[in-house]
1. Restricted to Cα positions, what overall size does region 146-186 have along the principal axes? Three whole-Å values, descending.
2. Evaluate the distance, in nm, between pseudo-label points positioned 7 Å from the Cα of GLU119 and of VAL62 along their respective Cα→Cβ axes.
3. Counting other beta carbons within 10 Å of each residue's own, what order do GLU173, GLU43 fall into, fewest first?
4. Quick one: what are the phi-derived ³J(HN,Hα) couplings along region 164-170, Karplus 6.51/-1.76/1.60 with θ = phi - 60°, whole Hz, x for glycine and proline?
5. Which residue, ALA170, ALA94, ALA233, has the most motion in a Gaussian network model of the chain that connects Cα atoms within less than 10 Å?
6. So if I average 1/r over every pair of distinct C-alpha atoms in region 1-91 and take the inverse, what Kirkwood radius in Å does that give?
7. Could you give each residue of region 115-125 its phi-based ³J(HN,Hα) in whole Hz, using Karplus coefficients 6.51, -1.76, 1.60 with θ = phi - 60°, and x for Gly or Pro?
8. For region 181-243, count the residues as N, evaluate 2.2 N^0.38 Å, and divide the Cα radius of gyration by that value, please.
Amino acid sequence: MANQTIRLVQVTDCHLQNDPTQLYRHHDVESQLDQMLAHLSTELPAETLLLLTGDNVHHGGVDAYKRLVEKIDVVPFDAVWIPGNHDDLAIMRACGGALNRKVILLKGWCLILLDSTSEPDGKGSGSLGSKELEFLQQALQQNVDKHCLIVLHHNPLSVESGWQDSIMLADAEQFWQTLAPFDHIRGLICGHVHQEWHWQWNGVDVMSCPSSSVQFKKRCDDMTLEDDPELQAPAYRLLELLEYGDISSQVKRVNLVDN
Ligand SMILES: [Fe+2]
């Protein structure tokens with residue numbers, strides 16, 4: 001019998017600079033992403049789907065997007081991306097081609113990829129907005145015979161940090177209301193918080209992933225970089241979507257090599 005397990009890897013908040021030699025909060029995020037993708041290419045089977053969950057580049061520069069697409073082109077995986085608050089949607093879409101897909105159907109599962117960058121407050125928050133919520137509702141309705149995984153950049157639940165909760169998904173209440181009538185949603189993953197969380201919402205796994213770039217320390221009133229040496233490392237999230245709707249997931253960290 002064919003293996004029905006779907007393998008995903010989430011890489012998030014790469015924050016690539018337009019100039020690859022420029023550091024982001026003292027980190028060489030270009031080298032960190034290169035090392036992570038090289039590691040994933042040797043560790044994971046080729047049928048893995050790579051999900052880039054926003055803040056793919058830091059200030060929306062076209063050079064950064066072009067380099068990112070080149071990096072993705074050489075990994076052995078199919079890949080998709082969504083935008084974060086630091087992305088430039090127009091440039092990203094123009095560079096993205098098949099990376100821009102919003103619904104992926106795989107072996108009885110439906111992945112729904114959302115854009116949460118509407119109505120930005122300029123400080124990092126974002127919303128789905130009525131159009132994206134309508135798209136979500138329709139995608140859920142059209143795939144009631146599948147198990148659904150929802151992918152978005154902004155966290156729809158609190159991370160118990162004053163500065164981060166002020167820039168979480170601004171229309172989280174409408175988002176949860178949109179999901180409430182459906183019982184085929186199995187999981188939800190997000191980026192944005194640069195730290196690991198695993199919540200439950202009505203029996204659904206809701207998970208965030210640390211970044212490939214710089215991690216933020218949990219439960220701080222103001223922005224604080226992670227100071228725990230283990231938690232500072234770039235990280236990614238592995239997910240296995242199983243035949244009967246269960247999800248197995250873990251966050252893994254990459255040991256960096258100095259260039
Ligand atoms: Fe970010």
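Since every read-out is calculated from the coordinates, none of them should be taken as a lab result. This is a predicted model, so every value here is computed, not measured. Positions of Cβ are generated from backbone atoms using ideal geometry, with glycine treated the same way; all protein chains shown enter the neighbour counts.
1. Taking the Cα atoms of region 146-186, the three principal extents are 37, 16, 14 Å.
2. 3.2 nm
3. Neighbour counts put them in this order, fewest first: GLU173, GLU43.
4. Here the 3J(HN,Hα) series is 7, 5, 6, 10, 6, 4, 6 Hz.
5. ALA94
6. Numbers: mean 1/r = 0.0732 Å⁻¹.
Mean inverse Cα-Cα distance, inverted, gives 13.7 Å.
7. The phi angles translate into 9, 9, 9, 6, 6, x, 8, x, 10, x, 6 Hz.
8. 1.31
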